[in-house]
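Working notes for the structure below.
The values are calculated or read from the model by the stated rules, or taken from the named source; none is laboratory data. Please read all numbers here as calculations on a predicted model, not as lab measurements. Neighbour counts are summed over all protein chains in view; Cβ atoms, including those assigned to glycine, are modelled from backbone coordinates with ideal geometry.
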Amino acid sequence: MTVPAGVVEHLFRHSAGRITATLARTLGADRLDLAEDCVADALEQALRTWPHCGIPDNPSAWLFRAARNRALDLLRRERTLRAKLPALADLSAAGTPATGDAELALMLLCCHPELPQVSQVALTLKTVGGLGVPEIAGALLTRPATVAQRLVRAKRWLRECGQRVELPPPDALPGRVDSVLAVLYLLFTEGYRATSGDAAVRGELCGEAIRLGRLLLADRRTDLPRARALLALMLLQAGRLPARVDECGELVLLPEQDRDRWDRALVAEGTRTFATACAGPELSAYHVEAAIALCHVAAETPERTDWPRILELYDQLLELRPSPVTRLNRAIALAMVHGPAAGIAELEALEDEPRLATYLPLPTAFGALYLRAGQPHLAADHYRRALLLPCSEPQRRFLLRKLAECG
């Protein structure tokens, strides 16, 4: 029997956070590296055995037992950790990784305020989200070497801090939740617009971000309006995923998408979740982004999109979260309302922004607006610039198609 490596990796990513959290709660936060190594060993074992023996009936339980058994082997050799053997052995009773509190507690620990926020994000994406260093670098608009250094420092702090993998006191929760929301936002974004590899989208990352978002809402202590707004945003965006690639796996932009392929159940759930997020006075950037997403899914055709309303929402978003990425997205909305020249002028103001130096959507947006403006030679220049930047294979093919349109 042949089991594609991608299938194993998909099942692994779905379970990795829960298994790591369960082991880390028993081993201690200071041994997070050990927990991650055991989970990685379980994946290697699955890649060796599943192609010959088939996928187990309960893959998550199989991976958990393999990781736990590896941890038991290592603890028996390490005298200082032998006291943890009984607790780790007790995990065999359930046979499956814990759900709920352990994973939520690990997320919140990774977002401890004594860590810089960028390190909180990187650590959570690596430990709970299962992203690799290059993927995290793409999500954070930084270099892989920088991410690797942040992870080393963050894990050193975990070894020295003496913290337990447990929920923090109530007064510390709101700030920690904000950091977790930032992580889930980036995790979903990397899935929605994969920055590397052979796939245009990585639905498993989007699904993982949504699962972790639901985990926040399942606990009344972390069920906050802004958490609901982010979950609504992710659900609304995920509803468009089936139409984001065609039958050949090629990237399809929103105006060309077959709206009959949208997942209307996810869109409906996102709409309901957004309504509950708006029940109180709180207004966050996630509320505004969800409102923008709702404008897009509410339009029966691209021509009926309420671009003036979307532009107003981007103005509001800039007040709540001023960032070069928000300004770039606003420039697109501006072009849809006032013409491509207006959008191009806004994009030109972002050309010297260092955080966008390797950000693929910037030259891509230039190319699209110059094409609309009837200046294909300038559009071609920007598409060539985009092709020099890191991107996934579908993104590269998309850029080549756009370059060919320029003549």
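Check whether at least one residue in the range 303-313 is assigned to a loop (DSSP other than H, G, I, E, B), of a type in the set (Ser, Thr, Tyr) and at pLDDT 95 or above, and report yes or no.
Yes: the range 303-313 contains one or more residues that are assigned to a loop (DSSP other than H, G, I, E, B), of a type in the set (Ser, Thr, Tyr) and at pLDDT 95 or above.
Quick check, is residue 232 modelled with pLDDT of 90 or more, closer than 28 Å to residue 18 by Cα and not in a loop (DSSP other than H, G, I, E, B)? Yes, satisfied. Number of residues in the range 155-205 that are more than 14 Å from the chain's Cα centre (by Cα), outside any loop (DSSP other than H, G, I, E, B), over 20 Å from residue 228 (Cα atoms) and small (Gly, Ala, Ser) equals 0.
In the set (1) buried (at least 17 other Cβ atoms within 10 Å of the Cβ); (2) modelled with pLDDT of 95 or more; (3) out of contact with any helix residue (DSSP H, G or I) (no Cβ under 6 Å at 6 or more places or on another chain); (4) under 27 Å from residue 246 (Cβ atoms), residue 391 fails one condition alone, (2).
Report whether or not residue 98 is under 23 Å from residue 218 (Cβ atoms), modelled with pLDDT of 75 or more and small (Gly, Ala, Ser). Against the criterion (under 23 Å from residue 218 (Cβ atoms), modelled with pLDDT of 75 or more and small (Gly, Ala, Ser)), residue 98 does not qualify. Looking only at residues in the range 264-311 that are among the polar types (S, T, N, Q) and within 21 Å of residue 242 (Cα to Cα), the one that is surrounded by the most Cβ atoms within 10 Å (Cβ to Cβ) is 273. Only one entry in 32, 27, 74 is among the aliphatic types (A, V, I, L, M) and modelled with pLDDT of 85 or more, namely 32. The residues on offer are 378, 347, 362, 371, and the sole one that is modelled with pLDDT of 95 or more, in a helix (DSSP H, G or I), within 26 Å of residue 197 (Cα to Cα) and of a type outside the set (Val, Ile, Thr) is 362. Only one of the numbered conditions (1) closer than 29 Å to residue 178 by Cβ; (2) in contact with a Leu (Cβ under 9 Å, 6 or more places away or on another chain) is not met by residue 313, and that is (2).
When the range 242-261 is filtered for residues that are closer than 13 Å to residue 302 by Cβ and under 21 Å from the mean Cα position of the chain (by Cα), the ones remaining, listed by number, are 243, 252, 253, 254. How many residues does the range 349-388 hold that are in contact (Cβ under 8 Å) with a residue 60 or more places away in the chain and basic (Lys, Arg)? Adding up the residues that qualify gives 1.
Taking the listed residues 121, 152, the one that is of a type in the set (A, V, I, L, M) and either more than 18 Å from residue 34 (Cβ to Cβ) or at pLDDT below 90 (or both) is 121, with no other qualifying.
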